[in-house]
Structure formats: structure tokens, C-alpha cells
Amino acid sequence: MNNHLNTQAWLKEHGDYLYSYAFSKVKDKHAAEDLVQETLLAALVAQNSFANQSTIRTWLTGILKHKIVDHFRRQGRVVAIGALVDQDNEDNLEYFFKTNGSWIEKPDTFPSPESVFQQKEFWEIFQKCLSELKSRQAEIFIAKEMHDMSNEDICKHFSITPTNAWVIMHRARLSLIKCLEIHWKD
């Protein structure tokens, strides 16, 4: 298989998963896209060193984690590698994606062009507001509200109590409402 076909196959099979993982960490869609591209390029260069001791997805995710750390270093932010690596068991996004890496359920789009424009504008503002949340708040909010995870699964997945989950969701919603009230002019 030539290199071009490898990257195409990797992107098709694992691209959505890698993007979602990167976005959950950096909370910026452009940075997440760049990180996925950097990951695929690094994997292409290092593909001969892949020892088949894990799945391709696990290998690509490992490369992505290092790219995320490098991203934060370039920004001057200090992020412990353990904040990414120790979450291996928690980063299981199978609740959100099919085995081929595509979304289980994508959001519907509005039918009219004006509505589509408003939706796009709203989601850009929403993403900005979401990026201002604490990392854990954003992850739990996305799991609950965007991926429809049950409270029980959230508690299990994030190793938190139901009360803690409720408090985190309440604070996330209040912060998002406040931010949207400031930035979203319907």
C-alpha cells in the first residue's frame, strides 16, 4: 500500500475520532484540525516503526497526545503529559463513534440558507463559549448534552459522583448561558 493510500485510509477510519479527541483537549477547531494533520504526517513518516503491538487507532492517538503536548508548549502553557496519558481509560470515545470512526449521530442542519448561516454563526460562538469552560466541565457537558450520555455513564466514565456531575453540569450551563447572552445576538 503506498503512503498516500495509508493516510487516506487512516483519515477515513480514524479522522473523526482523532479530531474529537484533539478538540476535547484544545477546544479550538482549527488547532484540532492542524493537530490531526500533524499526527497523520508524523504517522506517515514513522509508519515503518509501527510494531503492531497495538491498534492503528491507539498508535495514532498516542502520536496525537504528544502533538497536543507540543501544541501547549508552543503556547507557553504547561500541561503535564499525565493529564493526557493517565486518561487512556477515560478517553474511550466509543459512546460517540461507530467502529469506523464516524459519528453515531450527527446534528441536523436547518433547511433554509438563512437558517444554516445563523446555525453556523451560533455554533462558532458556542464553540468559543465552550472553550472558555474548564476542561473537565467542557468534556462532561459535551458528553451529556452533545453525545447524550446518561448520568450513570458519565459518572462511571469520569469517575465522579452523581452530585459532582450535577454541580459540574449546572456550572457549565450557567457559564454557557452567560457567555451566549453576551455574544449571541439572535
Worksheet entry | Unique residue being of a type outside the set (A, V, I, L, M), over 17 Å from Phe23 (Cβ atoms) and not in a helix (DSSP H, G or I) when the list is Asp153, Asp148 | Asp148
Worksheet entry | the range 159-186 residues that are open to solvent by less than 90 Å² (accessible area, probe 1.4 Å) and outside any helix (DSSP H, G or I), paired with ones that are modelled with pLDDT under 90 and of a type in the set (Val, Ile, Thr) (beta carbon under 9 Å, 6 or more apart) | Ile160/Ile140; Ile160/Ile154; Trp184/Ile125
Worksheet item: Does Ala46 satisfy being more than 13 Å from His71 (Cβ to Cβ), more than 21 Å from the chain's Cα centre (by Cα) and at pLDDT 80 or above?
Response: yes
Worksheet item: Restricting to the range 53-84, what's the tally of residues that are modelled with pLDDT under 75 and either out of contact with any helix residue (DSSP H, G or I) (no Cβ under 6 Å at 6 or more places or on another chain) or more than 15 Å from Phe23 (Cα to Cα) (or both)?
Response: 10
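The values are calculated or read from the model by the stated rules, or taken from the named source; none is laboratory data. On a predicted model such as this, the values are computed, not experimentally measured, just so you know. We place every Cβ from the backbone using ideal geometry, glycine too, and count neighbours over all the protein chains shown. Only protein heavy atoms, including side chains, enter the accessible area calculation; ligands, DNA and RNA are left aside. Shrake-Rupley method; radii C 1.70, N 1.55, O 1.52, S 1.80 Å.
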